[in-house]
1. Which is within 30 Å of residue 156 (Cα to Cα) and either open to solvent by 10 Å² or more (accessible area, probe 1.4 Å) or modelled with pLDDT under 95 (or both), of 24, 89?
2. When only residues in the range 119-160 that are assigned to a helix (DSSP H, G or I) and at pLDDT below 95 count, which is least open to solvent (accessible area, probe 1.4 Å)?
3. Restricting to the range 190-206, name every residue that is under 21 Å from the mean Cα position of the chain (by Cα) and either at pLDDT below 95 or closer than 21 Å to residue 93 by Cβ (or both).
4. Considering only residues that are part of a loop (DSSP other than H, G, I, E, B), open to solvent by 60 Å² or more (accessible area, probe 1.4 Å) and touching a Phe, Trp or Tyr at 6+ places or on another chain (Cβ under 7 Å), which ones fall in the range 413-456?
5. I need every pair where a residue in the range 299-327 that is part of a strand (DSSP E or B) has its Cβ under 6 Å from the Cβ of a residue that is of a type in the set (Lys, Arg), sequence separation at least 6 or different chains.
6. If residue 352 satisfies all but one of (1) outside any loop (DSSP other than H, G, I, E, B); (2) open to solvent by 60 Å² or more (accessible area, probe 1.4 Å); (3) under 25 Å from residue 233 (Cβ atoms), what's the number of the condition it fails?
7. Where the second residue is among the charged types (D, E, K, R) and assigned to a loop (DSSP other than H, G, I, E, B) and the first is farther than 25 Å from residue 403 by Cα and without any contact (Cβ under 8 Å) to a residue 24 or more places away in the chain and lies in the range 429-443, which pairs have Cβ atoms under 9 Å and are six or more apart or on separate chains?
8. I'm trying to understand the selection: among the residues of the range 54-82, which are within 14 Å of residue 261 (Cα to Cα) and free of Cβ contacts under 8 Å to residues at least 60 places away in the same chain?
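The values are calculated or read from the model by the stated rules, or taken from the named source; none is laboratory data. The structure presented is a predicted model; accordingly, all values stated were derived computationally and were not measured. Here the Cβ positions follow ideal geometry from the backbone for every residue, glycine too, while neighbour counts run over all protein chains shown. Only protein heavy atoms, including side chains, enter the accessible area calculation; ligands, DNA and RNA are left aside. Shrake-Rupley method; radii C 1.70, N 1.55, O 1.52, S 1.80 Å.
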Amino acid sequence: MKKLINKLYILTVVLFLGSCGDFGGINTNPNAPVFVGTETLLTGAQQSVSDVVGSYFGELFVQHMSDITYTEDSRYGATRLDFGGWYAGPLANLQKIINLNVSSDTKDRVLSGGSNVNQIGVARIMKAYFFNHIVERWGPLPYSQALKGSDQLLPGYDDESAIYADIIKELKEAAAQLDGGTIKGDIIFKGDTKLWKTFANTLRAQIAIKIADADATLAKATFTDAVNSGLITSTAFYDYLAESANENPWYSRFRTRTDFAISDVFVNFLTSTSDPRLASFADPAKSSGKIVGMPYGLENSSISPPTVSFPHTDNVRGQDKDIPIISMSQVNFMMAEAVARGWITGNAETHYNNAITASMNYWKITNATVISTFLAQPSVKYDAANWKKSIATQMWVSLYDQGYDAWREWRRLDFPKLKVAQAPLNPSEAIPLRNMYPETEKTLNTANYNAVIGKLTGGDTDGAKLWWDKF
């Protein structure tokens, strides 16, 4: 169903100038069903979460993994990407849910999906989640004029600051309107609106941390309010199944190919700190029986796949291996940073240690002595005088297999110091700081495109820093 809906939306986007938004008319074919159940729309939208958590681009950008034979992606060959699918797919589905539950003509017909307020609330939270993701990649995007169908075929771009302020508002209001009942079609929290409340609060806290150096006042107020409202108390996962229609994407990638290996950059760092997670991150190389990192970003690779270590068969590549959407390790790192910034009281080192311990446990390292020995190392121990480096470096490790999150945190905190790949293929010739806008925006939404690129330092390049990336 997801693939069918997305194909229909993408076709509509092509017909209407390749711009953003719910271009309407999709369900007006007199030979097709007029009414689509909100349960189906919600499930379809949520399946796109896999495209966030399961992507390999972030893993390559932060050098957790390397291409083995075809190294173009490791050398940043795919930095100009199309964002239209996010608008035409999950965001359009979610806006349709809201519209159906608001309209007096349809709101009574969709109650099989749950109460109107609960469906609207969850759809608003999911919209905020997806918008947060794509703005984090491209920067300024259509927002206030998006998803209006034929009323706005060429939407203008909103500044990041305005988008984040509205996302924060949406998350708070959406959580507040949830009435404690349940909803149908929810494959993330199985209809539990209490969990949706804490998830929305945690997203607010995460966004607050992200914008801390750009708008400290809003960030602090948002974070403290989110914490007081209640954060998640266990990792939120995207659940995969042991069947081909909804399997872990790393399993799919290795079904018939062996394109990726853990990078030598990552292996060398983990080895230098005797990190016990290494054996949980990757398989031994087939030829040697040892964990061997793939040299990162080679211009010409003659490395044979059996000589390097693939992502771990069960812990990363299992067909039904779930991937975190937000982990408890991330929550504890956020708390440590909030204490270090003086936003909340507490002990930053305790939260920092708890974050690493949560990551260790997730990767099946549970021996308390092993963990405490690791934490006591001078190179690992929390350094209050250089808290950004401490938190960023260990968060980089903990976010293995959460590539886009790792890329965000590396851009934001600037640690660890990574070297550029050989013969980079991107305009900046450096590790990308954003995705560039699709060519269709330049040619078909020209006025709005020209207006927005003037707000980006250096224009529409992958080296332009986003609003929240201040250092």
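1. Working: 89 fails: either open to solvent by 10 Å² or more (accessible area, probe 1.4 Å) or modelled with pLDDT under 95 (or both).
Testing whether each residue is within 30 Å of residue 156 (Cα to Cα) and either open to solvent by 10 Å² or more (accessible area, probe 1.4 Å) or modelled with pLDDT under 95 (or both) leaves just 24.
2. As a first pass, look at the range 119-160 and keep what is assigned to a helix (DSSP H, G or I): 119-138, 149-151, 160.
Right, trim to at pLDDT below 95 and you get 149-151.
On the way: 149: 10, 150: 83, 151: 134 Å².
The selected residue is 149.
3. Taking the range 190-206 as the starting set, the residues that turn out to be under 21 Å from the mean Cα position of the chain (by Cα) are 190, 195-206.
If the condition is that a residue be under 21 Å from the mean Cα position of the chain (by Cα) and either at pLDDT below 95 or closer than 21 Å to residue 93 by Cβ (or both), then 190, 195, 196, 199, 200, 203 are the ones that fit.
4. From the range 413-456, those part of a loop (DSSP other than H, G, I, E, B) are 414-435, 437-438, 445, 454-456; that's our starting set.
Cutting the leftovers down to open to solvent by 60 Å² or more (accessible area, probe 1.4 Å) gives us 417, 419-420, 422, 425, 427, 429, 454-455.
Of everything in the range 413-456, just one residue is part of a loop (DSSP other than H, G, I, E, B), open to solvent by 60 Å² or more (accessible area, probe 1.4 Å) and touching a Phe, Trp or Tyr at 6+ places or on another chain (Cβ under 7 Å), namely 425.
5. 311/317
6. With respect to (1) outside any loop (DSSP other than H, G, I, E, B); (2) open to solvent by 60 Å² or more (accessible area, probe 1.4 Å); (3) under 25 Å from residue 233 (Cβ atoms), residue 352 is out only on (2).
7. 442/460
8. 73, the sole residue that qualifies.
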